[in-house]
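Engineer: Take this structure first; my questions come after.
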Amino acid sequence: MATKNADTDVNPGAATAAGAVRLGELGQLGMSVRDLPAMTAFYRDALGVPFLFAAPGMSFFDLGGVRLMLSLPERGSEHRHGSILYLRVADIAAAHAALLAGGVVFAGPPHVVHRAADHELWLAFFSDPEENMLALMSEVPTKSGG
């Protein structure tokens with residue numbers, strides 16, 4: 001009987017659409033909210049989830065090493081209430097190219113969404129066949145941050 005784990009494929013001899021790309025652990029979970037200040041207070045104050053930082057229209061928390069992003073919905077997406085899975089990759093350009101070559105349709109190219117003192121956060125969004133949103137995510141060190 002075949003088993004699955006993080007280090008093996010269901011069918012080890014089968015080629016994957018991702019080719020040599022290996023998706024990493026879940027890096028961030030995004031949740032759309034209607035009232036950002038109230039939800040930020042709830043997660044920070046009522047639940048005691050460690051607050052990391054805020055950006056326009058977003059608040060970020062640490063859920064045991066997985067970042068939780070609360071955000072206002074994008075225009076035209078107000079009806080969506082699902083979560084977004086952000087998958088860490090070491091090289092977002094290579095992962096994007098490999099998945100694109102394998103037939104994954106992206107909403108756009110990888111792009112910087114946040115600049116910190118020591119890194120840039122790059123994302124590339126795509127959907128699964130049932131229109132669940134996912135994103136490749138890479139924290140790229142800056143020259144000033146090493």
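Engineer: Within segment 56-67, is even one residue in contact (Cβ under 8 Å) with a residue 24 or more places away in the chain, under 22 Å from Asp128 (Cα atoms) and not in a helix (DSSP H, G or I)?
Structural biologist: yes
Engineer: Any idea which of Pro141, Pro56, Pro109, Pro50 is closer than 17 Å to Gly24 by Cβ and at pLDDT 90 or above?
Structural biologist: None of the other options fit; the residue is Pro141.
Engineer: Here's a follow-up. Could you list, in sequence order, the residues of segment 1-41 that are modelled with pLDDT of 50 or more, hydrophobic (A, V, I, L, M, F, W, C) and in a loop (DSSP other than H, G, I, E, B)?
Structural biologist: Residues satisfying the conditions are Ala17, Ala18, Ala20, Val21, Leu23, Val33.
Engineer: To continue, here is another question. Out of contact with any strand residue (DSSP E or B) (no Cβ under 6 Å at 6 or more places or on another chain), surrounded by 12 or more Cβ atoms within 10 Å (Cβ to Cβ), modelled with pLDDT under 85 and of a type outside the set (Gly, Ala, Ser): is that true of Arg75 in this structure?
Structural biologist: Considered against the rule, which asks whether it is out of contact with any strand residue (DSSP E or B) (no Cβ under 6 Å at 6 or more places or on another chain), surrounded by 12 or more Cβ atoms within 10 Å (Cβ to Cβ), modelled with pLDDT under 85 and of a type outside the set (Gly, Ala, Ser), Arg75 comes out as no.
Yes/no matrix, rows are residues, columns are (1) touching a residue at least 40 places away in the same chain (Cβ under 8 Å); (2) assigned to a loop (DSSP other than H, G, I, E, B); (3) exposed (fewer than 15 other Cβ atoms within 10 Å of the Cβ):
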{"site": "Ala95", "(1), (2), (3)": "yes, no, no"}
{"site": "Leu100", "(1), (2), (3)": "no, no, no"}
{"site": "Val104", "(1), (2), (3)": "yes, yes, no"}
{"site": "Pro109", "(1), (2), (3)": "no, yes, yes"}
{"site": "Val112", "(1), (2), (3)": "no, no, yes"}
{"site": "Ala124", "(1), (2), (3)": "no, no, no"}
{"site": "Pro129", "(1), (2), (3)": "no, yes, yes"}
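Engineer: Of everything in segment 30-68, what is out of contact with any strand residue (DSSP E or B) (no Cβ under 8 Å at 6 or more places or on another chain) and on the phi > 0 side of the Ramachandran plot? Give them in sequence order.
Structural biologist: Gly48, Gly64, Gly65
Engineer: What's the number of the only condition in (1) assigned to a strand (DSSP E or B); (2) closer than 23 Å to Asn132 by Cβ; (3) modelled with pLDDT of 90 or more; (4) not charged (D, E, K, R) that Ile84 fails to meet?
Structural biologist: The number of the failed condition is (3).
The values are calculated or read from the model by the stated rules, or taken from the named source; none is laboratory data. The shown structure was predicted, so the numbers you read here are calculated from the model rather than taken from an experiment. Positions of Cβ are backbone-derived with ideal geometry, glycine not excepted, and every protein chain shown enters the neighbour counts.
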